[in-house]
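Beneath this line is the structure, given in structure tokens, with notes to follow.
The values are calculated or read from the model by the stated rules, or taken from the named source; none is laboratory data. Everything numeric here is computed off the predicted structure, so don't read it as measured data. Cβ atoms come from the backbone with ideal geometry, glycine included; neighbour counts cover every protein chain shown.
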Amino acid sequence: MTQNMTLNSISEIVNLGSDNPAEVALVIDVSGSMKGDKILTTKAAASKFIKLMRVNKDSLGICSFNTLGKVEWGADQKVNLLANGGVQASAIGAVHGLAAGGGTDMHAGLDRASKMFTGFDASNKAVILLSDGQDSSTEAEKKLSQELNAAGKEVYTIAIGKDADHELLKSLAGDDDRYNAVPDAFTMNEVFD
């Protein structure tokens with residue numbers, strides 16, 4: 001399987017070399033199928049991405065989903081400016097506190113993320129979904145991801161684990177250039193190296 005982009009290239013979503021701010025909503029799968037190495041790989045990937053975001057420029061929100069969707073980080077359930085290193089560290093701390101268990105409702109996580117964006121103008125708005133894609137119902141999340149993409153809130157997906165549902169996650173991204181596969185921690189480290 002060929003990786004279409006690296007996690008570093010995902011940081012290009014926020015145009016790290018430009019003056020434009022970005023708003024990013026991370027959506028993290030914490031369902032039972034993510035237990036073990038998958039949740040550890042997911043936490044590492046999310047943490048590394050947050051470290052790539054620009055302090056005092058970019059805004060971030062973090063949602064999780066299993067049976068329900070939940071805002072894990074973001075005051076007033078909105079994306080928040082990463083105003084300083086301490087704020088950035090608290091976002092990373094929220095990621096490290098996640099635990100896997102329960103059923104899977106990917107739509108609930110995407111729905112929470114869709115409501116996190118603020119009204120201020122940010123030229124780059126993105127939803128980054130980290131999941132194994134193992135979901136029993138897929139039509140609702142496909143429709144929502146199409147709506148997000150059409151509204152300029154591009155959906156990027158990262159397939160976690162060797163048993164990930166790659167076809168579903170590619171369809172949610174809507175574009176192969178916004179899809180990536182990370183089958184294991186070794187591959188994720190290779191991506192960053």
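Structure notes:
- Against the list (1) modelled with pLDDT under 95; (2) touching a Phe, Trp or Tyr at 6+ places or on another chain (Cβ under 8 Å), the condition F117 fails is (2).
- Leading residue by the ranking (farthest from G119 (Cα to Cα)) among those in region 52-77 that are of a type in the set (D, E, K, R) and at pLDDT below 95: R54
- Residue within region 122-139 that is under 22 Å from L52 (Cα atoms) and more than 16 Å from the chain's Cα centre (by Cα) present: yes
- Single residue of region 125-146 satisfying the filter (over 22 Å from E23 (Cβ atoms) and in contact with a Ser or Thr (Cβ under 9 Å, 6 or more places away or on another chain)) that is surrounded by the fewest Cβ atoms within 10 Å (Cβ to Cβ): S136
- Test: residue in region 6-21 that is at pLDDT 95 or above and either over 25 Å from L144 (Cβ atoms) or not in a loop (DSSP other than H, G, I, E, B) (or both): no
- Options K35, K43; residue that is closer than 22 Å to A159 by Cβ, charged (D, E, K, R) and either surrounded by 14 or more Cβ atoms within 10 Å (Cβ to Cβ) or modelled with pLDDT under 95 (or both): K43
- Members of region 24-54 found to be outside any helix (DSSP H, G or I) and in contact with a strand residue (DSSP E or B) (Cβ under 9 Å, 6 or more places away or on another chain), listed by number: V24, A25, L26, V27, I28, D29, V30, S31, M53, R54
- Search result, residues across region 58-90 that are part of a helix (DSSP H, G or I), more than 20 Å from A126 (Cβ to Cβ) and among the hydrophobic types (A, V, I, L, M, F, W, C): A89
- Qualifying residue in region 58-70 (condition: surrounded by fewer than 21 Cβ atoms within 10 Å (Cβ to Cβ), on the phi > 0 side of the Ramachandran plot and either out of contact with any Asp or Glu (no Cβ under 8 Å at 6 or more places or on another chain) or basic (K, R) (or both)): no
- Test: residue in region 140-162 that is outside any strand (DSSP E or B), within 13 Å of the chain's Cα centre (by Cα) and of a type outside the set (S, T, Y): no
- Residues being in contact with a helix residue (DSSP H, G or I) (Cβ under 9 Å, 6 or more places away or on another chain) and surrounded by 22 or more Cβ atoms within 10 Å (Cβ to Cβ) - total across region 113-124: 2
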